[in-house]
Amino acid sequence: MEYVGDRETMATWTAAKSDDVLADYVAEKNATSIDGLPAIS
């Protein structure tokens, strides 16, 4: 597999969100690990 370049998806998605919406999203999604364990605080 060869690196071709960055995907535009994340940049496009974040550009459409306000800073407050992104902060809320990160806080919600990072509250637990993919295993369901609580985040380190």
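A short reminder: the numbers here are calculations on the coordinates, not readings from a lab. As the structure is a computational prediction, the values presented were derived from the model and not from experiment. Every residue, glycine among them, receives a Cβ derived from its backbone with ideal geometry; neighbour counts consider all protein chains shown.
Using the alpha-carbon atoms, what tilt in degrees (0 to 90, nearest 10) does helix 19-29 show relative to the longest principal axis of the chain?
Here the helix axis deviates by roughly 60 degrees.
Using a Förster distance of 25 Å, how high is the FRET efficiency between Met10 and Ser33, based on the Cβ-Cβ distance and rounded to 0.05?
In this case the efficiency is close to 0.75.
Going from the alpha-carbon gyration tensor of the chain, what semi-axes, largest first and in whole Å, does one get by taking the root of 5 times each eigenvalue?
25, 18, 6
Using only DSSP helix segments of four residues or longer, with each worth -39500 (n - 2.57), what per-residue ellipticity at 222 nm results for the chain after dividing by its residue count and rounding to 500?
Calculated from helices alone, the mean residue ellipticity at 222 nm is -12500 deg cm²/dmol.
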